[in-house]
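K.L.:
There's a structure below that I have some questions on.
The values are calculated or read from the model by the stated rules, or taken from the named source; none is laboratory data. Values in this document were obtained by computation on a predicted structure and should not be read as measured data. Cβ sites come from the backbone with ideal geometry, for glycine too, and all protein chains shown count toward neighbours.
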Amino acid sequence: MRLADLDEEAVLARLLPVLLHDEAPGVPVGPGDDAAVVEAPSGSVVATTDSMVLGVDWRDDWSSPQDVGHKLVVQNVADVAAMGARPTGLLLALSADPDTPVDWVLGLAEGVAAAAHESATPVLGGDLSGAAAGSVVLAMTVLGDLGGRAPVRRSGARVGDVVAVCGTLGRSGAGLRLYLDAELAAAADREAPEAAHRLRSSHRRPHCPWQSGAEAARAGASAMLDVSDGLVRDAGRLARASGVSVDLDGDALRAETHGDLLDVLGADAALREVLGGGEEHALLACFAGASRLPTTGAPWRVVGRVVERSGAPVLLDGVPHEVAGWDHFAG
């Protein structure tokens, strides 16, 4: 069955029960009216939006619709967490070729619902629209609450701060390499099949330690963002916003390669993915000292320090490091 075989109300009648299986405290009015109503206990609302396009952000030959829904939620929740906030609701918009199978749309909803449940974020509603032949475009908006705290911005890093990461580095990028490089994939499947499987899974379904954003804020993080486009590129964004440089610790980052990355890629390529691999959605934050790192929840690891602004925003062991990572227009 295709979307074209149903009208919009019939699609929604199948879609909403999949998306709305959780209770939603803090949502006085949910889907069904022209808009939802969400409580804002702290008096301010954090808001972010992100989109995904078939053939650009995912490919159906390796990603299931459940994978796509999961990734869409995670990349949005990560942005809210990076401000030090707790996600409070999400809205999903789907524009699709009318020939898109209804089962694919329901699978997408299953992935969104599962990831929303995992991040304790109720689905508030959204929008459906037709699109050109072969097109599927997704957009999601996530709202969040700061719990009475000030937002943690990119621009607060101070010279002398330690730079720490919570979550994984390089695994999603390594999984993408396995999908794109047939020769590498064949060798990995032969020599380290379980590691290769885990890396592919990390690309299709990345994980963000979303609760750690608020924990970092409570611990006094001076600056924070999520690693969506690669550690070096995103650390550079933080450094430029703060008017400082970030000096990454090569030994600490080589330690991040141990295990699956090292087994599949070897030392040099594994380090390149740690430095430049995107769609990871770990949290990168600055703290006044290692003793200020949060001690509960997912572990934070020190991977560098904030130094006086030099000629380059990011250094590796004191040496300027070229930008690595993903850019939507430059590649």
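Yes/no matrix, rows are residues, columns are (1) touching an Asp or Glu at 6+ places or on another chain (Cβ under 9 Å); (2) at pLDDT 95 or above; (3) assigned by TED's automatic domain parsing to the domain that holds residue 301; (4) not in a strand (DSSP E or B):
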site	(1), (2), (3), (4)
90	no, yes, no, no
108	no, yes, no, yes
111	yes, yes, no, yes
125	yes, no, no, no
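K.L.:
Out of region 12-33, which residues are exposed (fewer than 12 other Cβ atoms within 10 Å of the Cβ) and either aliphatic (A, V, I, L, M) or part of a loop (DSSP other than H, G, I, E, B) (or both)? Talk me through it step by step, then tell me what you get.
P.N.:
Filtering region 12-33 for residues exposed (fewer than 12 other Cβ atoms within 10 Å of the Cβ) gives 13, 23, 25, 28, 32-33.
Selection gives 13, 23, 25, 28, 32.
K.L.:
Next question, about the same structure. Out of everything in region 89-107 that is surrounded by fewer than 23 Cβ atoms within 10 Å (Cβ to Cβ) and not hydrophobic (A, V, I, L, M, F, W, C), what residue ends up being nearest to residue 20 (Cα to Cα)?
P.N.:
Per the stated criteria, the residue is 107.
Matching residues to (1) assigned to a loop (DSSP other than H, G, I, E, B); (2) surrounded by 15 or more Cβ atoms within 10 Å (Cβ to Cβ):
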| position | (1), (2) |
| --- | --- |
| 10 | no, no |
| 35 | yes, no |
| 41 | yes, no |
| 50 | no, yes |
| 68 | no, yes |
| 74 | no, yes |
| 77 | no, yes |
| 84 | yes, yes |
| 87 | no, yes |
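K.L.:
Among the helices (runs of 4 or more DSSP H) confined wholly to region 146-256, which include 3 or more residues that are under 19 Å from the mean Cα position of the chain (by Cα) and farther than 30 Å from residue 42 by Cβ?
P.N.:
Values: elements: 171-180, 182-191, 193-204, 211-218, 231-242, 250-255.
Because the criterion is at least 3 residues that are under 19 Å from the mean Cα position of the chain (by Cα) and farther than 30 Å from residue 42 by Cβ, the helices (runs of 4 or more DSSP H) in region 146-256 that meet it are 171-180, 193-204, 231-242.
K.L.:
On to the next question. Quick one: what pairs do we get from region 165-191, first residue over 28 Å from residue 224 (Cβ atoms) and modelled with pLDDT of 95 or more, second outside any helix (DSSP H, G or I) and not polar (S, T, N, Q), C-beta under 9 Å, 6+ apart or different chains?
P.N.:
Pairs found: 179/59; 179/61; 179/62.
K.L.:
Another question about this same structure. Out of 66, 75, I need the residue that is within 21 Å of residue 200 (Cα to Cα) and either in contact with a strand residue (DSSP E or B) (Cβ under 9 Å, 6 or more places away or on another chain) or at pLDDT below 95 (or both). Which one?
P.N.:
75
K.L.:
Give all pairs with beta carbons closer than 6 Å in which a residue from region 125-152 that is charged (D, E, K, R) meets a residue that is in a strand (DSSP E or B); count only pairs at least 6 apart in sequence or on separate chains.
P.N.:
Sorted first by the residue in region 125-152, then by its partner, the pairs are 127/93; 145/86; 145/88.
K.L.:
Under 23 Å from residue 220 (Cα atoms), of a type in the set (Val, Ile, Thr), assigned by TED's automatic domain parsing to the domain that holds residue 170 and surrounded by 16 or more Cβ atoms within 10 Å (Cβ to Cβ): which single residue out of 274, 306, 264, 302 fits that description?
P.N.:
306
K.L.:
Kindly indicate whether any position in region 130-138 is under 30 Å from residue 251 (Cα atoms), touching a strand residue (DSSP E or B) at 6+ places or on another chain (Cβ under 7 Å) and assigned to a loop (DSSP other than H, G, I, E, B).
P.N.:
Of all residues in region 130-138, those under 30 Å from residue 251 (Cα atoms) come to none.
No; the residues of region 130-138 include none that is under 30 Å from residue 251 (Cα atoms), touching a strand residue (DSSP E or B) at 6+ places or on another chain (Cβ under 7 Å) and assigned to a loop (DSSP other than H, G, I, E, B).
K.L.:
Among 254, 233, which is the only one that is surrounded by fewer than 24 Cβ atoms within 10 Å (Cβ to Cβ) and either in contact with a Gly (Cβ under 6 Å, 6 or more places away or on another chain) or at pLDDT below 95 (or both)? Quick ask: steps written out before the conclusion?
P.N.:
Details: 254 fails: either in contact with a Gly (Cβ under 6 Å, 6 or more places away or on another chain) or at pLDDT below 95 (or both).
One residue alone meets the criteria, 233.
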